[in-house]
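Comments concern the structure below.
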Amino acid sequence: EAQLVESGGGLVKPGGSLRLSCAASEFTFRNAWMSWVRQAPGKGLEWVGRIKSKSDGETTDYAAPVKGRITISRDDTKKTLHLQMNSLKTEDTAVYYCSLDRDGRGMDVWGKGTTVTVSS
Amino acid sequence: QSVLTQPPSVSAAPGQKVTISCSGRSSNIGNNYVSWYQQLPGTAPKLLIYDNNKRPSGIPDRFSGSKSGTSATLGITGLQTGDEADYYCGTWDSLSAGWVFGGGTKLTVL
């Protein structure tokens, strides 16, 4: 069964940086498009960004609220997805999920999430 | 404020049917696939419907999806107490080049 496991969350001060990781297993990671989705406390789902497979150019798309502050990358040899977040704001506080993105058709595999808290 | 509009809450009795609407525009629902997600309390979202109306393996046929123009609907029949959850619609938005989600609908099975 396909599985995703996020890690790297924690408490960080405003203006700080954090790097999240997402380890994939039981599916062909190198062919997968991957997304990050976050959920602020008590709020709904918010897409953060995605990265296409290497064969599709490994291009990235980012949501407006985080563009310029985040970078999504992947290491296909380690089957791992990364989310580098800089200049963090209190409004970035959320549970961050990685997901297997079927190019707009649906996200059919989700991790359990990792919690990021931005507070002084 | 979410790009896609869902009712904040719906409720129905066990065994009954409920529908959840999701309204968007031509740049998102109107020209892209809609998917639906169930989020049980304290857990990650789970895909219920993809490609507007297809169910992944393991999702019972009590769950159905449809799309018409710039709106989509999730239907759930034979409601069970275990269906109590938040439900989200999602789709790609060609204008913003990103995924957009509805604000979520809390289902209560009375």
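The values are calculated or read from the model by the stated rules, or taken from the named source; none is laboratory data. The shown structure was predicted, so the numbers you read here are calculated from the model rather than taken from an experiment. Using ideal geometry, Cβ is built from the backbone for each residue, glycine included, and neighbour counts are taken over all protein chains shown.
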Check: What are the residues in the range A:8-48 that are on the phi > 0 side of the Ramachandran plot and either surrounded by 17 or more Cβ atoms within 10 Å (Cβ to Cβ) or over 16 Å from the mean Cα position of the chain (by Cα) (or both), if any?
Finding: A:Gly15, A:Glu26, A:Gly42
Next item on the list: Return only the number of the condition from (1) farther than 19 Å from A:Leu45 by Cβ; (2) at pLDDT below 95 that B:Leu79 does not satisfy.
Entry: (2)
Notebook entry, point to check: Say we look at the range A:81-92 and pick out the residues that are surrounded by 18 or more Cβ atoms within 10 Å (Cβ to Cβ) and more than 11 Å from the chain's Cα centre (by Cα); which of these is farthest from A:Gly44 (Cα to Cα)?
Noted result: A:Leu88
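Take the conditions farther than 20 Å from A:Leu100 by Cα and modelled with pLDDT of 95 or more and apply them to B:Gly24. Does it pass?
yes
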Notebook entry, point to check: Looking only at residues in the range A:23-58 that are out of contact with any Phe, Trp or Tyr (no Cβ under 8 Å at 6 or more places or on another chain) and assigned to a strand (DSSP E or B), which one is nearest to B:Lys106 (Cα to Cα)?
Noted result: A:Met34
Next item on the list: Please enumerate the residues belonging to the range A:82-99 that are closer than 15 Å to A:Ile72 by Cα and either in a helix (DSSP H, G or I) or touching a helix residue (DSSP H, G or I) at 6+ places or on another chain (Cβ under 9 Å) (or both).
Entry: A:Met85
Notebook entry, point to check: If you take the residues of the range B:39-68 that are in contact (Cβ under 8 Å) with a residue 40 or more places away in the chain and not aliphatic (A, V, I, L, M), which of them is farthest from B:Pro14 (Cα to Cα)?
Noted result: B:Pro45
Next item on the list: Could you tell me which numbered condition A:Thr71 fails, if it satisfies all but one of (1) of a type outside the set (A, V, I, L, M); (2) out of contact with any Leu (no Cβ under 9 Å at 6 or more places or on another chain); (3) assigned to a strand (DSSP E or B); (4) free of Cβ contacts under 8 Å to residues at least 40 places away in the same chain?
Entry: (2)
Check: Given the range B:10-110, what strands (runs of 3 or more DSSP E) lie entirely inside it while holding 2 or more residues that are crowded, with 20+ Cβ neighbours inside 10 Å and at the interface with another protein chain (Cβ under 10 Å from one of its Cβ atoms)?
Finding: B:34-39, B:46-49, B:85-93, B:98-101
Item checked: Residue that is touching a residue at least 12 places away in the same chain (Cβ under 8 Å), touching a strand residue (DSSP E or B) at 6+ places or on another chain (Cβ under 9 Å), more than 28 Å from B:Gln1 (Cβ to Cβ) and surrounded by fewer than 18 Cβ atoms within 10 Å (Cβ to Cβ), where the choices are A:Asp56, A:Asp76, A:Asp103 -> A:Asp56
